[in-house]
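Here's the structure we're looking at; comments come further down.
Computed from the coordinates by the stated procedures, all read-outs in this text should not be read as laboratory data. A quick note: this is a predicted structure, and the numbers were derived from the prediction, not measured. So basically every Cβ, Gly included, is an ideal-geometry build from the backbone, and we count neighbours across all protein chains shown.
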Amino acid sequence: MTLQSQTAPALMVTDIPAAHPRVPYFDRMVTLLNSEAVPCRFEVDGALYAGRRALDAVASGSVQMAWVNAAHLESIDPALGALNLPFFLGDDVLADTARADRALDLIDRLASPAGMRVLGLMRGADQLFVSQRALPPGAGSMQGKRVRVAGPGIYEDIMRGLGAEPVAMPIPEIGNALASGSFDCLFTSPGGWQTQLGMAAPHALRVPGLMMINYVLLVHAGWYEQLGSHGQEVLRNAAQHCVTHAWRAMEQDDRDVLDAMSQAGATITVDEDSRAWRDKLAPIKARHFAQYSAASQGFRELAGEC
């Protein structure tokens with residue numbers, strides 16, 4: 001790494017839409033880093049860094065940091081699919097700052113052998129189904145539907161467990177794909193619904209706790225080491241203060257988005273009876289825990305499931 005690359009502002013990227021309610025948290029983090037003499041600039045580019053591309057950019061060193069959908073961590077180590085399991089690590093666990101920090105440490109340990117550090121955890125959302133047509137409650141509502149998901153792995157397993165056909169697709173392709181009929185509904189965040197589709201898809205179905213998707217801050221390990229102890233501490237503290245520990249604020253942001261969508265005329269159905277959903281998806285968790293027993297142990301302890 002050249003001297004110029006060490007002293008030039010670090011580049012932090014994401015594929016989250018610029019109007020998404022999470023972006024201000026990243027902006028505050030960058031402001032704090034710059035005020036603490038760790039120069040940084042932030043770039044939102046849904047096409048250039050769509051999905052797995054942001055992770056690959058960090059791995060190659062072309063960018064120093066990226067906020068990446070946790071689904072893509074499964075490409076580093078399949079055991080990290082624990083983060084994406086249905087009815088597992090949700091607000092009841094990760095809103096607690098001490099447990100969020102422990103989760104982050106577990107993720108970092110599994111990602112480090114791939115030459116990347118994980119220094120931040122962002123509440124992506126308690127996912128919901130969104131469609132142009134009404135979505136009735138009930139675990140059979142997804143049967144036979146083509147459902148857009150953000151990435152491969154556990155995302156796809158969940159849809160297949162519900163009798164649906166998963167369609168993995170990055171954010172920038174959503175609008176055109178919905179218009180062309182490439183899928184029947186989306187599995188997405190409230191912010192993704194509002195910013196990408198709005199009233200073009202005015203129906204939503206929520207099953208609280210079904211899948212909490214998170215974003216993680218991936219950092220190129222070589223660049224991180226060259227920051228030195230002070231720079232590393234500044235970066236960790238900025239990610240923690242501005243993002244990881246802002247969980248409850250992000251939860252409120254999503255409630256505000258759903259309220260705004262409802263006021264705009266959207267129909268939001270909440271299926272509070274999750275028993276049938278849990279029954280359909282329980283085999284996914286069982287298989288994962290059996291296959292990645294040792295690596296899953298820490299996450300299960302966090303969730304109080306062992």
>> As an exercise, identify the trypsin sites (Lys or Arg not before Pro) in the stretch 108-212 lying in DSSP coil whose Cβ has no more than 15 other Cβ atoms within 10 Å.
In response: Arg133
>> In whole Hz and in residue order, list the ³J(HN,Hα) couplings for the stretch 88-103 that follow from phi through the Karplus curve 6.51 cos²θ - 1.76 cosθ + 1.60, θ = phi - 60°; x for Gly and Pro.
In response: 10, 8, x, 4, 5, 9, 7, 6, 7, 4, 5, 6, 5, 5, 5, 4
> Magnitude of the Cβ-charge dipole of the stretch 30-79, K/R +1 and D/E -1, about the Cα centre, nearest 20 debye?
Replying inline: 100
> Once phi is turned into ³J(HN,Hα) by the Karplus curve 6.51 cos²θ - 1.76 cosθ + 1.60 with θ = phi - 60°, what whole-Hz value does each residue of the stretch 279-292 show in order, with x for glycine and proline?
Replying inline: 4, 5, 9, 4, x, 5, 5, 4, 5, 5, 5, 5, 6, 10
> Check Val167: other-chain or 5+ apart residues with amide H under 5 Å from its amide H, H built from backbone geometry?
Replying inline: Val147, Arg148, Val149
> Using the C-alpha gyration tensor of the chain, what are the square roots of 5 times its eigenvalues, in whole angstrom, with the largest one first?
Replying inline: 31, 22, 17
> Within the chain, what is the longest stretch that has no GluC sites (Glu not before Pro) placed in a DSSP loop and near at most 15 other beta-carbon atoms within 10 Å?
Replying inline: 1-271
>> Please check: in the Gaussian network model of the chain (C-alpha springs, under 10 Å), which one of Gly228, Gly124, Gly191 has the largest mean-square fluctuation.
In response: Gly228
>> How many angstrom lie between the Cα centre of the stretch 77-114 and the Cα centre of the stretch 26-69?
In response: 20
>> How long are the semi-axes of the equivalent ellipsoid of the stretch 134-243, taking √(5λ) for every eigenvalue λ of the Cα gyration tensor, in whole Å from largest down?
In response: 35, 15, 14
>> Compute, for the stretch 236-281, the length of the dipole vector about the Cα centre, with Cβ point charges of +1 (Lys, Arg) and -1 (Asp, Glu) only. Units Debye, rounded to 20.
In response: 280
> What trypsin sites (Lys or Arg not before Pro) in the stretch 213-296 are in a loop by DSSP, with at most 11 other Cβ atoms within 10 Å of the Cβ?
Replying inline: none
>> Let me spell out the model: positive unit charges on the Cβ of Lys and Arg, negative unit charges on the Cβ of Asp and Glu, origin at the Cα centre of the stretch 118-227. What dipole size does that give, in debye rounded to 20?
In response: 320
> Once amide H atoms are built 1.01 Å from N in the peptide plane, which residues 5 or more positions from Leu121, or in another chain, come under 5 Å H to H?
Replying inline: Leu217, Thr244
